[in-house]
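A.B. asks: So that we are looking at the same thing, I have put the structure below in structure tokens.
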Amino acid sequence: MSMYRSVMLVDDNEIDNIINEKIIEANSFADQILVFQTGQDALDYIRDHQEDIDILPEIVFLDINMPVMDGFQFLTDFEQLPDAVREKCKIIMLSSSISPKDIDRAASSRFVKKYLNKPLNARYLEAITV
């Protein structure tokens with residue numbers, strides 16, 4: 001039995017997505033893993049399913065540095081979604097950035113529950129309680 005029904009990976013790096021997906025599977029962390037390579041595609045999915053909250057992921061692992069729409073732009077758009085959606089989808093920044101500016105900016109968002117450095121690992125997953 002997995003800890004979560006559904007999680008979402010949002011990262012433009014296909015290799016990172018594959019690694020993170022395998023770690024999530026190996027640790028029985030989620031029954032379903034939704035993978036998106038752009039923030040816009042991930043937001044479109046959330047918007048398209050906002051009327052059916054049960055389909056939405058409980059956790060969104062969000063990269064910061066992505067082309068077109070970075071993780072912070074995703075957060076800005078995410079803030080405009082209905083309360084029920086924002087309460088269901090918990091955001092965890094998963095980035096290779098160790099910049100204090102990025103870490104502080106993520107921490108300043110009330111929607112970011114944690115900031116983790118890539119790649120995911122079993123210890124990180126065990127520490128997630130949202």
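Nothing in this text is a laboratory measurement; each read-out follows from the coordinates by a stated rule. Small disclaimer: the values here were computed from a predicted structure and weren't measured. Neighbour counts run over all protein chains shown; Cβ positions are idealised from the backbone, glycine included.
A.B. asks: Which residues' amide hydrogens lie under 5 Å from the amide hydrogen of residue 66, considering only partners 5 or more residues apart or on another chain, with H built in the peptide plane?
C.D. replies: Answer set, sorted by chain and number: 71.
A.B. asks: So what's the back-of-envelope 222 nm ellipticity for the chain, counting only DSSP H runs of four-plus at -39500 (n - 2.57) apiece and dividing by all residues, rounded to 500?
C.D. replies: So the helix-based figure for the chain works out to -11000 deg cm²/dmol.
A.B. asks: In addition: Suppose each label sits 7 Å from its Cα in the direction of the beta carbon; what would the residue 113-residue 73 distance come out to in nanometres?
C.D. replies: 2.6
A.B. asks: Would you kindly state the longest site-free stretch of the chain, with sites defined as GluC sites (Glu not before Pro) in a DSSP loop (not H, G, I, E, B) surrounded by at most 14 other Cβ atoms within 10 Å?
C.D. replies: 80-130
A.B. asks: If you take the square roots of the eigenvalues of the alpha-carbon gyration tensor of the stretch 71-117 and sort them as a ≥ b ≥ c, do you get rounded (a/c under 1.5), prolate (a/b over b/c) or oblate?
C.D. replies: prolate
A.B. asks: Please list, in order along the stretch 62-70, the HN-Hα scalar couplings obtained from phi with the Karplus expression 6.51 cos²θ - 1.76 cosθ + 1.60 (θ = phi - 60°), rounded to whole Hz, x for Gly and Pro.
C.D. replies: Values, residue by residue: 10, 6, 8, 8, 9, x, 6, 10, 7 Hz.
A.B. asks: Continuing with this model, one more query. Please state the charge dipole magnitude for the chain, taken about the Cα centre, from unit charges on C-beta atoms (+1 on K and R, -1 on D and E), reported in debye and rounded to the nearest 20.
C.D. replies: Charge dipole, the chain, about its Cα centre: 600 debye, nearest 20.
A.B. asks: Step through the residues of the stretch 92-101 one at a time and calculate ³J(HN,Hα) from phi using the Karplus curve (6.51 cos²θ - 1.76 cosθ + 1.60, θ = phi - 60°), rounding each to whole Hz and writing x for Gly and Pro.
C.D. replies: So the Karplus estimates, Gly and Pro as x, are 10, 6, 10, 9, 8, 6, 10, 5, x, 4 Hz.
A.B. asks: Another one. Name the residues whose placed amide hydrogens come within less than 5 Å of the amide hydrogen of residue 34, ignoring near sequence neighbours (fewer than 5 apart) on the same chain.
C.D. replies: Amide H neighbours of residue 34, under 5 Å, 5+ apart: 7, 8, 9.
A.B. asks: Shape verdict for the stretch 21-87, please, from the Cα gyration tensor: rounded (a/c under 1.5), prolate (a/b greater than b/c) or oblate.
C.D. replies: Oblate, because a/c is 1.5 or more while a/b does not exceed b/c.
A.B. asks: Long-range amide H contacts for residue 91: which residues qualify at under 5 Å (H placed 1.01 Å from N, peptide plane, sequence gap of 5 or more or a different chain)?
C.D. replies: Residues meeting the amide H criterion: 60, 113.
A.B. asks: On to the next question. Pull out a ≥ b ≥ c, the square roots of the eigenvalues of the alpha-carbon gyration tensor of the chain, then state rounded if a/c is under 1.5, prolate if not and a/b is larger than b/c, and oblate in the remaining case.
C.D. replies: On the way: a/c = 1.35, a/b = 1.02, b/c = 1.33.
Rounded is the answer for the chain, as its axis ratio a/c remains below 1.5.
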